[in-house]
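Enquirer: Mind having a look at this structure? Questions to follow.
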Amino acid sequence: MKKGRIKIRDLHKSFIREKTNEDLAALENFNFTINAGEFISVVGASGCGKSTLLRMIAGLEKPTRGDILCDGKKVEGTSPDRGLVFQEHALFPWLTIRKNIAFALKSSGRYNDYAHTIDPLIEKVGLKEFANSYPHQLSGGMRQRAAVIRSLAVSPDVLLLDEPLGALDSFTRMVLQDEIIRLWKERENTMVMITHDVDEAVYLSTRIVVMSPRPGRITEIVPVPMPYPRNRGALEFSELRTRLLKTLNFAADVERAKGLEPSTSTLARWRSTR
C-alpha cells in the first residue's frame, strides 16, 4: 500500500500582529484530502496562506485549530517522511553536492539505509560530473536539482515543494519540471507544490487547489485528467489554463473589493509568469 495520504480537517491558522495585537486569520475552514501518490499543486494570491499550509503539513508550524493527518497519524512535528524543498536551494555552501545529500541522510538517521542511492540519484538528474562541486560552482538550475534530490534521498512519503522553480529561467524551469515528474513517477510518493505559474500547475498536477485571498479557503479543486507526458500546446491544456485564470480573476475581484491595489491582484501575478 502506498504511503503519504494527507487529511486536513477544519484547519484554521491565525497570527497576532505585534503592533495592534490583532488576530489575523491566514487560513480558515480548510478541509482537503490528498491521496497517496497524488501530485497536488496549490495556487492563489500572494498572502493567501499557501506557504503557511505547506509549513503546517511539514510540521514546522502548528495549526491554531484543526488537524493534519499523515497516514492516519496527527502531524505534531517534522519527520523525514515529509521532505521540504524551498524556492532557494538552501544547500550548505561548504559541502559538495554529494556531501550535502549525505548530510541529509545522516541527519534523518537513514544514512545506512540509503547511502547507496546517492550517486545513482546524482546521475539521474545529470549532475554526475558535478558530484564533488560546491553549490557556488553550479548554475541555479543545477542547484535546484541538487536540492530536490537531497530531499528525495531520504525517501520521504511526501515531498513538499514551495515554489522551487520560481527563480529559474523558462527553459531551465521546463527541464526541471520534466525531471520532477520523472522522479515522482519512479518513487510514487505524494507531491504537494506551491506555484504562481498556472501552466506549471497544469503540466505537473493530478489536481489543482485554487485558494481565495486571505483568509485562505479553497475556492475550487480542479482535476487534471490529461495523461503524461503533457502537451503544452494541446487544446485541453489551453482550456484548463483559461478556466484557472478565470477562477483567479474572480479572486482578484475579491481583492479589489477589499481595497487592495490592482497591481497586487492575483491575475496580474499570473500574467507576469507567462
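Enquirer: So in the stretch 167-201, with the set limited to residues that are open to solvent by 10 Å² or more (accessible area, probe 1.4 Å) and acidic (Asp, Glu), which one is modelled with the lowest pLDDT?
Expert: Per the criteria, the residue is Asp169.
Enquirer: Oh, and also: Of all residues being touching a residue at least 40 places away in the same chain (Cβ under 8 Å) and over 25 Å from Leu204 (Cα atoms) in the stretch 57-66, which is most open to solvent (accessible area, probe 1.4 Å)? Just the residue, please.
Expert: Step by step, filter the stretch 57-66, then rank; the result is Arg65.
Enquirer: Restricting to the stretch 73-112, count the residues that are under 23 Å from Glu38 (Cα atoms), free of Cβ contacts under 8 Å to residues at least 24 places away in the same chain and either under 16 Å from the mean Cα position of the chain (by Cα) or surrounded by fewer than 16 Cβ atoms within 10 Å (Cβ to Cβ) (or both).
Expert: Residues in the stretch 73-112 being under 23 Å from Glu38 (Cα atoms), free of Cβ contacts under 8 Å to residues at least 24 places away in the same chain and either under 16 Å from the mean Cα position of the chain (by Cα) or surrounded by fewer than 16 Cβ atoms within 10 Å (Cβ to Cβ) (or both): 5 in total.
Enquirer: Same structure, new question: Scan the stretch 238-251 and report the pairs whose first residue is more than 19 Å from Ser212 (Cβ to Cβ) and part of a helix (DSSP H, G or I) and whose second residue is at pLDDT 90 or above and open to solvent by 30 Å² or more (accessible area, probe 1.4 Å), with Cβ atoms within less than 8 Å and a gap of 6+ or a chain change.
Expert: Qualifying pairs under 8 Å: Arg241/Asp199.
Enquirer: Are there any pairs with C-beta distances below 7 angstrom linking a residue in the stretch 11-31 that is at negative phi to a residue that is part of a strand (DSSP E or B) and aromatic (Phe, Trp, Tyr), with the two at least 6 apart or on different chains, and if so which?
Expert: Leu11/Phe30; Leu24/Phe15; Ala26/Phe15
Enquirer: Also, I was wondering about something else. Tell me, please, whether a residue that is over 16 Å from the mean Cα position of the chain (by Cα), surrounded by fewer than 20 Cβ atoms within 10 Å (Cβ to Cβ) and within 23 Å of Lys3 (Cα to Cα) can be found in the stretch 152-159.
Expert: Within the stretch 152-159 (the criterion being over 16 Å from the mean Cα position of the chain (by Cα), surrounded by fewer than 20 Cβ atoms within 10 Å (Cβ to Cβ) and within 23 Å of Lys3 (Cα to Cα)), the answer is yes, since at least one residue qualifies.
Enquirer: Within the bounds of the stretch 158-166, is there any residue that is closer than 22 Å to Glu239 by Cβ and at pLDDT 90 or above?
Expert: So far as the stretch 158-166 goes, no, none of its residues is closer than 22 Å to Glu239 by Cβ and at pLDDT 90 or above.
Enquirer: Still on this structure, I have one more. Answer with yes or no whether Ala146 is at pLDDT below 95, small (Gly, Ala, Ser), crowded, with 18+ Cβ neighbours inside 10 Å and outside any loop (DSSP other than H, G, I, E, B).
Expert: So Ala146 passes the test.
Enquirer: Among (1) in contact with a strand residue (DSSP E or B) (Cβ under 9 Å, 6 or more places away or on another chain); (2) under 27 Å from Leu105 (Cβ atoms), there is one condition Arg143 misses while meeting the rest; what is its number?
Expert: (1)
Enquirer: From the list Ile221, Ile208, pick out the single residue that is part of a strand (DSSP E or B), in contact (Cβ under 8 Å) with a residue 40 or more places away in the chain and surrounded by fewer than 18 Cβ atoms within 10 Å (Cβ to Cβ).
Expert: Only one candidate qualifies: Ile221.
The values are calculated or read from the model by the stated rules, or taken from the named source; none is laboratory data. None of these values were measured; they are calculated from a predicted model. Quick reminder, even Gly has a Cβ in these numbers, built from the backbone with ideal geometry, and neighbours come from all protein chains shown. For accessibility, only protein heavy atoms count, side chains too; no ligands or nucleic acids. Shrake-Rupley method; radii C 1.70, N 1.55, O 1.52, S 1.80 Å.
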